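Student: Attaching a single structure in structure tokens format; questions to follow.
The values are calculated or read from the model by the stated rules, or taken from the named source; none is laboratory data. Because the structure is predicted, anything quoted here is derived from the model rather than measured. Backbone-built Cβ (ideal geometry, glycine too); neighbour counts: all protein chains shown.
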């Protein structure tokens with residue numbers, strides 16, 4: 001697609017994208033708002049707990065909004081604020097009334113004590129991406145659509161060698177199918193979302209690779225920071241691309257506008273997304289030890305005369321845990337294929353669309369927009 005700096009054309013495309021989503025980040029997905037029960041070290045169940053926030057700052061609460069954390073011995077306990085940080089009260093969640101403990105609903109750590117970058121810094125990065133690489137760079141029409149073809153890299157962590165995962169052909173349906181597929185994409189494909197949102201003016205198709213296995217484990221890629229902008233994380237994603245390069249994959253085929261940049265790179269990994277919360281029944285990994293789905297533009301990989309900087313990482317799977325026999329015939333079995341919500345949300349960032357949720361725990365635009373709440377798609 002040829003370059004065109006017409007802001008009006010860009011805004012029309014974005015308006016079409018956002019408008020259709022309303023019928024329903026580093027940038028990332030917001031936390032799964034659905035409550036879940038967790039196991040205490042003695043095998044008892046916690047009350048229902050909710051993961052809040054996003055990749056910048058995430059925390060758990062009970063269903064009434066009281067802060068819960070997992071202490072050093074693995075117990076889920078109520079938390080209180082001390083010198084700007086949330087610390088354990090020593091009281092196991094559900095054992096006492098948190099209000100009578102003097103706790104405050106929706107209390108979080110002070111901003112200076114949050115470990116990850118602020119929303120303002122994130123939005124600055126979003127604007128840089130939008131200005132440089134995001135939009136299709138010209139106004140497409142139904143008769144002459146703007147076309148982009150991306151790469152979807154299926155990446156298996158070293159410690160997931162025995163995990164049964166969906167096939168490459170299953171992901172081709174998830175990304176490229178024209179219309180819903182009852183088993184794999186019941187609400188439609190990623191292709192469908194962008195085709196419908198642009199009224200046929202934007203065609204987004206993806207080439208799906210076979211699974212490649214990297215030398216790092218999921219926890220090594222997490223690197224104590226949810227896999228966000230860390231040396232181990234970047235090395236893991238770059239290794240997956242290098243493995244494809246060694247197999248003869250031609251990255252230059254995916255630079256449609258000859259800009260020297262691959263148009264779109266999606267890395268789908270074999271672990272459960274951190275933003276989902278819950279526990280990985282196979283490994284026992286909590287959300288803190290997994291990868292939070294995110295999009296950024298700092299990879300720095302080159303092959304075949306083109307560069308890969310902008311990319312996003314998301315989970316390839318939906319994890320049915322506790323294990324349930326009813327999923328035995330689903331693609332991937334208990335590790336079923338991902339739904340399009342988080343994937344389409346991150347694809348929206350490739351178009352320069354900002355997150356529209358409230359990272360402080362409010363609703364934002366809620367389910368009226370895919371960029372606000374993509375859960376349930």
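Student: Considering every residue within segment 224-243, establish whether at least one is modelled with pLDDT of 90 or more, assigned to a loop (DSSP other than H, G, I, E, B) and either within 24 Å of residue 148 (Cβ to Cβ) or out of contact with any strand residue (DSSP E or B) (no Cβ under 6 Å at 6 or more places or on another chain) (or both).
Tutor: Scanning segment 224-243, I find no residue that is modelled with pLDDT of 90 or more, assigned to a loop (DSSP other than H, G, I, E, B) and either within 24 Å of residue 148 (Cβ to Cβ) or out of contact with any strand residue (DSSP E or B) (no Cβ under 6 Å at 6 or more places or on another chain) (or both), so the answer is no.
Student: Any idea which of (1) in a strand (DSSP E or B); (2) surrounded by fewer than 18 Cβ atoms within 10 Å (Cβ to Cβ) is the one residue 34 doesn't satisfy?
Tutor: With respect to (1) in a strand (DSSP E or B); (2) surrounded by fewer than 18 Cβ atoms within 10 Å (Cβ to Cβ), residue 34 is out only on (1).
Student: Among the residues of segment 50-67, count how many are surrounded by fewer than 23 Cβ atoms within 10 Å (Cβ to Cβ) and more than 14 Å from residue 106 (Cβ to Cβ).
Tutor: Count: 1.
Student: Testing residue 307 on (1) assigned to a loop (DSSP other than H, G, I, E, B); (2) surrounded by fewer than 20 Cβ atoms within 10 Å (Cβ to Cβ); (3) modelled with pLDDT of 90 or more; (4) touching a strand residue (DSSP E or B) at 6+ places or on another chain (Cβ under 8 Å), one condition comes back false. Which one is that?
Tutor: Residue 307 satisfies all of (1) assigned to a loop (DSSP other than H, G, I, E, B); (2) surrounded by fewer than 20 Cβ atoms within 10 Å (Cβ to Cβ); (3) modelled with pLDDT of 90 or more; (4) touching a strand residue (DSSP E or B) at 6+ places or on another chain (Cβ under 8 Å) except (1).
Student: In the set 263, 192, 253, 257, which member is part of a loop (DSSP other than H, G, I, E, B) and out of contact with any strand residue (DSSP E or B) (no Cβ under 7 Å at 6 or more places or on another chain)?
Tutor: 257
Student: Here's something else I'd like to know. Please go through (1) within 23 Å of residue 172 (Cβ to Cβ); (2) surrounded by 16 or more Cβ atoms within 10 Å (Cβ to Cβ) for residue 301 and return the number of the only condition it doesn't satisfy.
Tutor: (1)
Student: I would also like to ask the following. Being surrounded by fewer than 20 Cβ atoms within 10 Å (Cβ to Cβ) and either closer than 18 Å to residue 211 by Cβ or not assigned by TED's automatic domain parsing to the domain that holds residue 208 (or both) is the filter here, so list the residues in segment 250-282 that pass it.
Tutor: Passing the criteria: only 282.
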